[in-house]
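The values are calculated or read from the model by the stated rules, or taken from the named source; none is laboratory data. All figures in this text were calculated on a predicted structure; none of them were measured in a lab. Heads up, the Cβs are rebuilt from the backbone with ideal geometry, glycines too, and the neighbour counts pull from every protein chain shown.
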Amino acid sequence: MKKSLIALAVLAASGAAMAQSSVTLFGIIDAGVGYIDNATATNGNKFGVGTSGNATSRIGFRGVEDLGGGLKAGFWLEGEVFADDGNAGGLNFKRRSTVGLEGGFGEVRLGRDLVAGYNKTSSYDLFSQTGIGQFSAWRNWDGATATGDENGIRSNNLISYYTPNFGGFKGGISYGFDEKAVAGTNAGRYAGGNLSYDNGPISVAVSYDRLNVVKAGIEGDRDALTLGASYNLGVAKLIGIAQRQEYSYNAGADRKFNNYALGVSAPVGGAGEVKLQYARYDQKATRGEADQLSLGYVHNLSKRTAVYGTVAYLKNKDGSALGLQSKGINTTAVANQKQTGVQVGVRHSF
């Protein structure tokens, strides 16, 4: 009898511990048909099935364990899914692979992750940093090398800290170790942070970061300062983003790139959203300029499923050679060329 009672007590304790832990499978599948003109070196057009036109397709696992006293441990593994070819190159967890602790002090994460200099200020982009309509400020503007993360969006070997919410104010800092991935240099070393304020209809954030890079064997830094803001009027939401990137090398002149975005979105009929965004890419290092105008519509069929359509126009001038961003329909940018693109697709989350 005593053994039975002990066994029941152990089982009950085990069940209570299990109830304090959880693991969730989640993801998004987004695929569509797209068309982009002047998409080749000979001004040819491209069309076909692409992926991530409205939201980046992904699959992931996240888990949390309640350690008591307000302290929690958690992990997050997330990989990109290419719906157009079924991940012919294989699945990895390069979108995010972190473990961390969270409590009244905030949150600490370790692993590969979005950097603090990107994850908040980029969120003001009405096109969620994906598809042909996106604000393409975060890119490797100067063709430098930094162990695969030259666009300043994610970093390997990262440790990040995010504060609790103090009356609408929040902040975050990240540091990425280079671990001498490029012998004799600090290429890939990252340091950055953000400060934001969210209260009712208003949201404002500023971020600054530095990434160590190498170009033609010469080491240097890429510094980025970004300011983003939005205001929700109820009938519409206004957004603005301003960014300055500067590349400073141990030899040679500094190279600067300024990027701006203005946009407005509005709900339509309770299930839809229309969005219009203008972007300017002022490439002072090369004196090139490009203007982009993007118009999109998303219609929610349910809480998890939506259909969408996006039209974007990009005009290069003064030697600029940018192209519309599209996954699955690769383009070749040509100096002073114009591009027009269309995407129509379906997004489902789970």
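For the reader, a short list of remarks on this structure follows.
- Within the stretch 152-175, the set of residues being among the hydrophobic types (A, V, I, L, M, F, W, C) and in a strand (DSSP E or B) comprises L158, I159, F166, F169, I173.
- Subset of the stretch 207-247 (residues that are farther than 15 Å from Q283 by Cα and among the polar types (S, T, N, Q)): S207, N212, T226, S230, N232
- Exclusive hit being of a type outside the set (S, T, Y) and part of a strand (DSSP E or B), set D198, D178: D198
- Inter-residue pairs, beta-carbon under 8 Å, first of a type in the set (F, W, Y) and in the stretch 208-221, second surrounded by fewer than 21 Cβ atoms within 10 Å (Cβ to Cβ), 6+ apart: Y208/G193; Y208/D223; Y208/L225
- Summed over the stretch 181-195, the residues that are assigned to a strand (DSSP E or B) and farther than 19 Å from D125 by Cα give a count of 3.
- Of the candidates V33, V64, V49, the single residue that is surrounded by fewer than 21 Cβ atoms within 10 Å (Cβ to Cβ), of a type in the set (V, I, T) and in contact with a Lys or Arg (Cβ under 6 Å, 6 or more places away or on another chain) is V64.
- Long-range neighbours under 9 Å by Cβ, at least six apart or interchain, first residue touching a residue at least 60 places away in the same chain (Cβ under 8 Å) and farther than 14 Å from A73 by Cα within the stretch 88-105, second among the basic types (K, R) and part of a strand (DSSP E or B): K94/R112; K94/R154
- Qualifying residue in the stretch 171-191 (condition: under 30 Å from V274 (Cα atoms) and either of a type outside the set (A, V, I, L, M) or in contact with a Leu (Cβ under 9 Å, 6 or more places away or on another chain) (or both)): no
- Identity of the residue in the stretch 306-327, over 18 Å from G131 (Cα atoms) and either surrounded by fewer than 16 Cβ atoms within 10 Å (Cβ to Cβ) or not polar (S, T, N, Q) (or both), that ends up nearest to the chain's Cα centre (by Cα): A321
- Any chance N232 is touching a Lys or Arg at 6+ places or on another chain (Cβ under 8 Å), at negative phi and not aliphatic (A, V, I, L, M): no
- Among the residues making up the stretch 221-255, a single one is of a type in the set (K, R) and farther than 22 Å from A205 by Cβ: R255.
- Of residues in the stretch 312-334 being touching a residue at least 40 places away in the same chain (Cβ under 8 Å) and of a type outside the set (S, T, N, Q), the one nearest to V268 (Cα to Cα): A312
- Residue check: N194 meets all listed conditions (1) crowded, with 19+ Cβ neighbours inside 10 Å; (2) at positive phi but one, namely (2).
- In the stretch 239-259, of all residues being within 22 Å of Y297 (Cα to Cα) and either without any contact (Cβ under 8 Å) to a residue 60 or more places away in the chain or surrounded by 20 or more Cβ atoms within 10 Å (Cβ to Cβ) (or both), the one that is nearest to the chain's Cα centre (by Cα) corresponds to I241.
- Note on the stretch 111-125: residues that are more than 20 Å from E179 (Cβ to Cβ) and surrounded by fewer than 21 Cβ atoms within 10 Å (Cβ to Cβ) amount to 2.
Okay, residues lined up against (1) crowded, with 18+ Cβ neighbours inside 10 Å; (2) under 21 Å from the mean Cα position of the chain (by Cα):
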site: I132; (1), (2): yes, yes
site: T163; (1), (2): no, yes
site: F169; (1), (2): no, no
site: G184; (1), (2): no, no
site: L211; (1), (2): yes, yes
site: T226; (1), (2): yes, yes
site: K237; (1), (2): yes, yes
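- Extreme residue, modelled with the lowest pLDDT, among residues of the stretch 10-30 that are of a type in the set (V, I, T) and surrounded by fewer than 15 Cβ atoms within 10 Å (Cβ to Cβ): V10
- Residues that are touching an Asp or Glu at 6+ places or on another chain (Cβ under 7 Å), under 20 Å from G44 (Cα atoms) and at pLDDT 95 or above, drawn from the stretch 300-350: K315, K317, S320, Q339, T340
- Residue match in the stretch 283-299 (condition: surrounded by fewer than 15 Cβ atoms within 10 Å (Cβ to Cβ), free of Cβ contacts under 8 Å to residues at least 12 places away in the same chain and basic (K, R)): no
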